[in-house]
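Enquirer: Once you've had a glance at the structure underneath, I'll fire off some questions.
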Amino acid sequence: MQVEEQRIKNELLRKELYQAAPATSAASAPVEKTYNWTVNASPTPTVSVKPYKTVKMVNDVLTVVLNDGSVLSKPGATADDFTDVRNATDEVDILNVVATQEIVTERKRQEFEAEKARALRAGIQLLAQLDDFEVKGDSVYLKGINRTLPQLLVEEFLRIVNRNSGNRYILAVDEEYQSLKRFFMWCCLNPRAEVADKLYNFLKNNSFKITKQGFFVALRNVVTLHGSTELVQFVSNAYNKVKAVWKKSPDNYEVYLKDGQYSFIHTDDTYTTELVDCECCFEDNWDGCGECDNGSIEETVKRNDLGKLIGNLTDLYLDLPNRAENRFTDAHTQTFDIRVGRPVSMDPGACRWNTDDCGAEGLHFTADEIHYVGCGDQSVLVLINPMKVVGIGESKGRCWEYLPIMTVPREEATEILHDLDFDTLQLDDSYAVRELESLTEKAKDGFTAEARKHEFNIPHISTVEIENIVASLDSMKDEISSRVQMIVD
């Protein structure tokens, strides 16, 4: 309240001081009260320019208007304070006399932002030299899309471009660069303009990670409906560990159960070599058939110490939605059928936009801190398409669809998302292929439905632009196929 009152006083003083300059003639000048001093920076040539426009002291309130129009005020000032400000040679001298720590901090913040803006304008010219971008004034666009990139996203592109010395050939294979491009394209296909504008800042502020195909990874809590979820947890964790940490193909791993404990192992390691009797020598009952070593030969056999074979890791993961123990629901309505490996969705028209963290219609997700730990007994990692986000709060958001990809222990959720070895760029291949199916029609339908509800909200994305975005995203399918083949080989 005191800050607000001081702001109002500053505004009133600003008007008063501006009205008082230039000084009126002696005949018409107002009479000042005793112990009031006013000094106006002289317009006549001096050795140095005064760092203020006006300095004024009324009773014990010292007020200074700086050359940029900023107003500083110090209650309880003395005559020495007035003299020190009057003799100041720069703003630093004035701040040392007048400003509180809060004002000094704010001043530094403003200077930092100004310097940041200057650097950003210089960097934008570097983006203008690349084929992917178009610059109009201080606004940056991806070529062929009539929507400006948010400032924070521009800064991220500049960081990556500078890291690669602006080399367009390196950028073409830089996974982080490609993921940001695709992320923004998915945002542009979201019929809610607010989402595309604010989503990246929200993700950055809350430590979310973006995948190679432009989706992002988030967390939410669910309620377990089945008493035994060990296999679901083991398979989902093992599958994503192989892909995201080891960057290997889960096709080449098997899951075993021994003494009540699950384990997984590469198929090559499920075999061993041992010496067995040479059948030829044994049948003929004589030594030295020429094909063996003293009646024994080395043979590759399946190991018998691994326990019971449960199945191939990929097959088990893909089959999780069909397993009875893979059953969860939401804590609020307990109506959603949530299973790892199968998308969870609701009618987009039933979702509501606002900036509240809680209480609005939609499928909730949160950042790495799991801010709503009370809602459910199990944390799950989910994959979300920016095209399907409907609302953003401070630390939580809402969407109309997400894909649960693995269960995670609540106490390890933050650690997993901050683990630099856990590469979320590897987690979204199959989901990306699914999302690309009939994408043009789905995007156009979304814009049409939104127009019926909120005509004022529709961003300037034309049908041609939608088709261009979809064509660019569609190239992911060939890339995914090539990468999958490379991993298998």
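The values are calculated or read from the model by the stated rules, or taken from the named source; none is laboratory data. Note that this is a predicted model, so its numbers are computed, not measured. Quick reminder, even Gly has a Cβ in these numbers, built from the backbone with ideal geometry, and neighbours come from all protein chains shown. Heavy atoms of the whole protein, side chains included, go into the accessibility calculation; ligands, DNA and RNA do not. Shrake-Rupley method; radii C 1.70, N 1.55, O 1.52, S 1.80 Å.
Enquirer: Here are some residues: TYR177, TYR141. Which one is free of Cβ contacts under 8 Å to residues at least 12 places away in the same chain and of a type in the set (Phe, Trp, Tyr)?
Expert: Criteria check complete, one pass: TYR141.
Enquirer: If you don't mind, there's one more thing I want to ask. Is it the case that the range 193-211 has a residue that's under 28 Å from LEU318 (Cα atoms) and open to solvent by less than 10 Å² (accessible area, probe 1.4 Å)? Reasoning before the result, please.
Expert: Taking the range 193-211 first, the residues under 28 Å from LEU318 (Cα atoms) are 208-211.
Keeping just the survivors that are open to solvent by less than 10 Å² (accessible area, probe 1.4 Å) gives 211.
So far as the range 193-211 goes, yes, one or more of its residues are under 28 Å from LEU318 (Cα atoms) and open to solvent by less than 10 Å² (accessible area, probe 1.4 Å).
Enquirer: Out of (1) modelled with pLDDT of 70 or more; (2) more than 22 Å from VAL161 (Cα to Cα); (3) of a type outside the set (A, V, I, L, M, F, W, C), what's the single condition that is false for GLN125?
Expert: In the conditions (1) modelled with pLDDT of 70 or more; (2) more than 22 Å from VAL161 (Cα to Cα); (3) of a type outside the set (A, V, I, L, M, F, W, C), GLN125 misses (2) alone.
Quick grid of which residues meet (1) out of contact with any Asp or Glu (no Cβ under 8 Å at 6 or more places or on another chain); (2) open to solvent by less than 40 Å² (accessible area, probe 1.4 Å); (3) modelled with pLDDT under 85:
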{"residue": "ASN294", "(1), (2), (3)": "no, no, yes"}
{"residue": "ILE297", "(1), (2), (3)": "no, no, yes"}
{"residue": "ASP305", "(1), (2), (3)": "yes, no, no"}
{"residue": "LEU316", "(1), (2), (3)": "yes, yes, no"}
{"residue": "THR329", "(1), (2), (3)": "no, yes, no"}
{"residue": "ASP337", "(1), (2), (3)": "yes, no, no"}
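Enquirer: Tell me which residues, restricted to the range 221-276, are in contact with a Lys or Arg (Cβ under 9 Å, 6 or more places away or on another chain) and among the small types (Gly, Ala, Ser).
Expert: Within the range 221-276, SER249 is the sole residue that qualifies.
Enquirer: OK, next. Taking only pairs six or more apart or across chains, which ones have beta-carbon atoms under 7 Å, a first residue in the range 76-92 that is over 13 Å from LYS56 (Cβ atoms), and a second residue that is surrounded by 17 or more Cβ atoms within 10 Å (Cβ to Cβ)?
Expert: From residues that are over 13 Å from LYS56 (Cβ atoms), the pairs are ASP84/VAL97; ALA88/PRO51; ALA88/ILE94; THR89/PRO51; ASP90/PRO51; GLU91/PRO51; GLU91/LEU66.
Enquirer: Could you look through the range 167-224, keep only residues that are part of a loop (DSSP other than H, G, I, E, B) and under 13 Å from the mean Cα position of the chain (by Cα), and pick out the one that is modelled with the lowest pLDDT?
Expert: We begin by selecting, within the range 167-224, every residue part of a loop (DSSP other than H, G, I, E, B); these are 167, 172-174, 189-192, 206-208, 211-215.
Adding the requirement that they be under 13 Å from the mean Cα position of the chain (by Cα) leaves 206-208, 211-212, 214-215.
Values: ASN206: 76, SER207: 73, PHE208: 79, THR211: 84, LYS212: 82, GLY214: 87, PHE215: 88.
In this case the residue turns out to be SER207.
Enquirer: Kindly establish whether LEU219 is closer than 28 Å to PHE183 by Cα, without any contact (Cβ under 8 Å) to a residue 60 or more places away in the chain and open to solvent by less than 20 Å² (accessible area, probe 1.4 Å).
Expert: no
Enquirer: Something else about it: Against the definition (in contact (Cβ under 8 Å) with a residue 60 or more places away in the chain, outside any loop (DSSP other than H, G, I, E, B) and either buried (at least 16 other Cβ atoms within 10 Å of the Cβ) or touching a Leu at 6+ places or on another chain (Cβ under 8 Å) (or both)), how does PHE234 come out, yes or no?
Expert: The answer is no for PHE234.
Enquirer: Search the range 125-153 for residues being among the aliphatic types (A, V, I, L, M) and surrounded by fewer than 19 Cβ atoms within 10 Å (Cβ to Cβ), and hand back the single one that is farthest from ILE469 (Cα to Cα).
Expert: LEU126
Enquirer: Taking the range 242-251 only, how many residues are touching a residue at least 40 places away in the same chain (Cβ under 8 Å) and open to solvent by 30 Å² or more (accessible area, probe 1.4 Å)?
Expert: Within the range 242-251, residues that are touching a residue at least 40 places away in the same chain (Cβ under 8 Å) and open to solvent by 30 Å² or more (accessible area, probe 1.4 Å) number 5.
Enquirer: Output the qualifying pairs, or none if there are none: Cβ atoms under 7 angstrom, residues six or more apart or on different chains, first residue in the range 144-166 and in a helix (DSSP H, G or I), second residue modelled with pLDDT under 85 and of a type in the set (D, E, K, R).
Expert: Short answer, once both residue conditions are applied: LEU152/LYS204.
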